[in-house]
């Protein structure tokens, strides 16, 4: 049983990555054929980014790789020993493998013109010395590359800061393709982009790949993206490869419980689930897993054998035997894969569509009314908010969706009083006009980033006690708050750094609940979390809503999240509300052209 | 549910040997500064008849100055003015920096504007030069000079603290505290202040080193300690005239200034790196 | 030059003039408030009679209100008339002019030395970050930052002039080459602390740029290390140019001590003599000139951002990203 080497233009065998603190990737085989798209899927800490950095010799200081990399292509065959510090990466990078990074805002040099940056990568025919001579040829080449990525020639004379995120990512793509690589590695290439731009960039990459018969390794945390774009999928967990096979097979008929669970956690766009399936706990550090299945602690199928040795990666029969020949190895590292596969779509047993839930008794009284809200930031040409009207009824959950620059975050900040609007009203209970401490008891906010949500110097208990004290409540309620958000009471003594991202976000929610607010504003509160943890927090928010009769205003860029959490939804663009209504209507049968475009851009 | 602790482990780094040496050295200098009267009780004894002699003379390993004072003992006694003044300067200017910088950073508006202009004005001139002018014109004396340096050092501390506060302000935990209705004074001292301690402490040490250099420069020009008092800058000024007879009279205090300031600087750099690493891991 | 750039330049120029005005007021106030009777000081050891004092007061407008005195002083100063030195009895302007050459030569030499050595050393240290060479260079630069110029100067004199006899001990020498030879030790003493400062700042700037994503991206598409370094340096140029501007201010503090140590008759030495003699007009004039040079340097540095950094060029039309 060898790694598939049929027409592999890139074959990596026994790839390992180790840092001073312990292993990061513990042995992985990978092969890519010309024109093929291989997605490496995993949550944070899975080792997926380090894997591709190792393939290019770009590991940060203190991190070392080992293994063997074989490259085939027009320029002849090449074998690289990844452990050899003297490797000449000149022959590999650029012409054979090129890398596209996540953030287009930082991956280009800010002080060089785009054309210049693309030109750097163009190989010069007469070696490096022939520079001045073919300036005209270079310019033509740059124009051609810009054309390939769908940009006009005058972009060559612009600086990155003069371009939008999507255009920058196109420039970066042109730069990556300048030396005509056989293989492109794209590390979360669209995560930093808006959903409509994401779609355009991915279409572009797919087109270029076809035209150049180029291999593509797509690193992503997004299962939907992997399913819609990849031929084959590799699922990584805690530095290990746990499953691989064709995209349709792996994601349609998962053989590893982690893959199955992960697929189930991803909230559907089409309907609301009463309870989202979750994976309990969080991803362990690769170094803390010794002689056991890394997933065993979170696995419902685990048997004692899972905890005595790490299960090997073994071939499993494809669901459709006819496909076996064409697609190559379908492999998984699970002793219980037979059982996993017999259970149809794990978790979805609990996934009955929920009744759209506007609590009947609450329908009457509006809790929050926003009228004609306008805000322009100093020095900005366009207003952040341009006359926004919004109403939230007591007990209701309302989502505000939009892309970056839509003004949704500014709206949230105006509602909680962190930003002062230029014009318009924010009223609670239609006109009581509460301010200051009185306002604080009625509306609270949970932010996006769990890692800066809590003061690193204070214990969880101190943090909650302080929030309680500010609202005039006794310290003794700390334990109750922790229980409320599903954390053990003992967590009061911990400091934030001892908590995972999901746990920190739970504490942030508990803190916001301390003054018993009527309205909870969630500003992208689950966007920074891994999908399995995101599902946990979304479930928690639904539970809280039910138990406490909480009203929620949920700011998000993710329509699927809005689908799960909201009764009604507002779609914002450029500081205005373009469409609003019950979530089933707006997302099911959108009326505004922009909403339709948003929905169409989501990978299916 | 099984919750895991995911505390990022810091790879424990060994304290570098240079740091240990620096701390020991500063400990010794500090001890001399605190109690030179006990360590070298005869440091100020003059021997006019002996006058200046070179190093290696019996009882005077580094020789004497023109008043016949022993260079070694005088240098040890000079530790006091080399440490006390700079520490007062660093602490004093940092107190101003923390008070003004925190208010300016937190409140913004007119306070911030005024603090900013004050810093601009004083930073437009080289501190050492301005200290020479002010100390020379206002009056001479060690504590006057120390006071002048406090004022001249404070603007950069105000900027430092203000910048650190402004960097903290948009953090979610500060904004959450504001939305919770927690009092501004409490936010400032409970949430902001502890997080700027590392940068303040590290900068305090760097300021001590800089103040040591500045203060001994002023003493060297005769604007610090009175004539005859034990002080390294003063010794250098005196030693300049004796380069032919006993070069050690200038070399020894010169080396002491450099070594002491280097030790403080190294400690400050190391501390700020260590605290940075901690902050990242938190 | 387009309109916003011009507006930016004019705004910075205006701010510089305002700052200079405030500084001149500060300098004048400081002297005005300094203890001791200026008139009595001016008479020195001559017979102090009430008539003589009155005459001096009238001649130097010492009885006028503060603002009038300030106005008289500053309006003459802009024409180059800084009044009369108390110590020499001659006009301050020519006195300063006669001392400028030696200071400019020493400071210029020190500036060149520290920039030409400091920047490359800082780059090398950054590229070799964490390696033994980097540790060594950083260690040396910490010593350099910690060493006051006069202490270094005396040590250099001891070793190279007295001990080895390679350089002269004091004085300025005759002719160009001899003069240069006399300035080597002072310039080196001045440049050491300065150079160390440049090393620290350059290293920090280059290290920060080396950590950026665009470096990973550039390497990832096969650019040779030399090309990557060129890109990094272009980005690090902004903080490095800033540090060169700060050096100018630092130079003026150091030059007083160096000139005293090496007995060079420059502006620094003039400052020291005048401060010790409480020669108020000279001190005022010198301080104002230093403030002028430092402010103009800051202005030049700011304007140079327009050339180095396209973002600054664009920000002159101030746009800020809208919050999402």
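Just a few scattered comments:
- Extreme residue, surrounded by the fewest Cβ atoms within 10 Å (Cβ to Cβ), among residues of segment C:112-134 that are within 14 Å of chain B (Cβ to nearest Cβ) and modelled with pLDDT of 90 or more: C:134
- Residues that are within 28 Å of the chain's Cα centre (by Cα), at pLDDT 80 or above and not in a strand (DSSP E or B), drawn from segment A:306-339: A:313, A:330, A:333, A:334, A:337
- The listed residues are C:188, C:140, and the only one of them that is within 14 Å of chain B (Cβ to nearest Cβ) and in a helix (DSSP H, G or I) turns out to be C:140.
- Residue match in segment A:260-282 (condition: closer than 29 Å to residue A:20 by Cβ and either touching a helix residue (DSSP H, G or I) at 6+ places or on another chain (Cβ under 8 Å) or surrounded by fewer than 24 Cβ atoms within 10 Å (Cβ to Cβ) (or both)): yes
- Whichever residue in segment C:227-243 is under 15 Å from the mean Cα position of the chain (by Cα) and modelled with pLDDT under 85 and, among such residues, is nearest to the other protein chains (Cβ to nearest Cβ): C:242
- Of the residues making up segment A:153-186, those that are touching a helix residue (DSSP H, G or I) at 6+ places or on another chain (Cβ under 6 Å), at pLDDT 90 or above and under 24 Å from residue A:48 (Cβ atoms) are A:168, A:169, A:175, A:185.
- Residues in segment B:219-247 that are modelled with pLDDT of 80 or more, more than 9 Å from every other protein chain (Cβ to nearest Cβ) and touching a helix residue (DSSP H, G or I) at 6+ places or on another chain (Cβ under 6 Å): B:219, B:225, B:230, B:231, B:234, B:235.
- Within segment B:28-145, helices (runs of 4 or more DSSP H) holding 1 or more residues that are closer than 20 Å to residue B:254 by Cβ: B:71-77, B:79-107, B:127-138
- Residues (under 19 Å from residue C:259 (Cα atoms) and crowded, with 24+ Cβ neighbours inside 10 Å) located in segment B:235-260: B:235, B:236, B:239, B:250, B:254
- Being part of a helix (DSSP H, G or I), modelled with pLDDT under 90, within 14 Å of chain B (Cβ to nearest Cβ) and buried (at least 24 other Cβ atoms within 10 Å of the Cβ) holds for only one residue in C:150, C:160, and it is C:150.
- Extreme residue, farthest from residue C:250 (Cα to Cα), among residues of segment B:136-146 that are surrounded by 20 or more Cβ atoms within 10 Å (Cβ to Cβ) and more than 8 Å from chain C (Cβ to nearest Cβ): B:142
- Residue in segment A:568-577 that is at pLDDT 90 or above, over 21 Å from residue A:194 (Cα atoms), buried (at least 19 other Cβ atoms within 10 Å of the Cβ) and away from chain B (no Cβ under 13 Å) present: yes
- Among the candidates A:12, A:83, A:98, A:31, residue that is within 14 Å of chain C (Cβ to nearest Cβ) and either part of a helix (DSSP H, G or I) or in contact with a strand residue (DSSP E or B) (Cβ under 7 Å, 6 or more places away or on another chain) (or both): A:98
- In segment B:160-189, the residues that are at the interface with chain A (Cβ under 8 Å from one of its Cβ atoms) form Cβ pairs under 7 Å with partners that are exposed (fewer than 14 other Cβ atoms within 10 Å of the Cβ), at six or more places apart or across chains, as follows: B:181/A:436.
- The combined condition, being part of a loop (DSSP other than H, G, I, E, B) and surrounded by 24 or more Cβ atoms within 10 Å (Cβ to Cβ), is not fulfilled by residue C:254.
- Here A:525, A:532 are screened, and the one residue that is under 21 Å from residue A:298 (Cβ atoms) and either without any contact (Cβ under 8 Å) to a residue 12 or more places away in the chain or within 25 Å of the chain's Cα centre (by Cα) (or both) is A:532.
- Checklist (1) at pLDDT below 90; (2) within 11 Å of another protein chain (Cβ to nearest Cβ) applied to residue A:444, failing item: (1)
- Yes/no for residue C:281 being more than 19 Å from the chain's Cα centre (by Cα) and either modelled with pLDDT of 90 or more or farther than 30 Å from residue A:87 by Cβ (or both): yes
- Strands (runs of 3 or more DSSP E) wholly inside segment A:538-586 containing at least 2 residues that are out of contact with any helix residue (DSSP H, G or I) (no Cβ under 6 Å at 6 or more places or on another chain) and over 21 Å from residue A:276 (Cα atoms): A:576-582
- Out of B:163, B:228, B:222, sole residue that is out of contact with any strand residue (DSSP E or B) (no Cβ under 8 Å at 6 or more places or on another chain) and assigned to a helix (DSSP H, G or I): B:163
The values are calculated or read from the model by the stated rules, or taken from the named source; none is laboratory data. The structure presented is a predicted model; accordingly, all values stated were derived computationally and were not measured. Note that each Cβ is placed from the backbone with ideal geometry, even for glycine, and that neighbours are counted across all protein chains shown.
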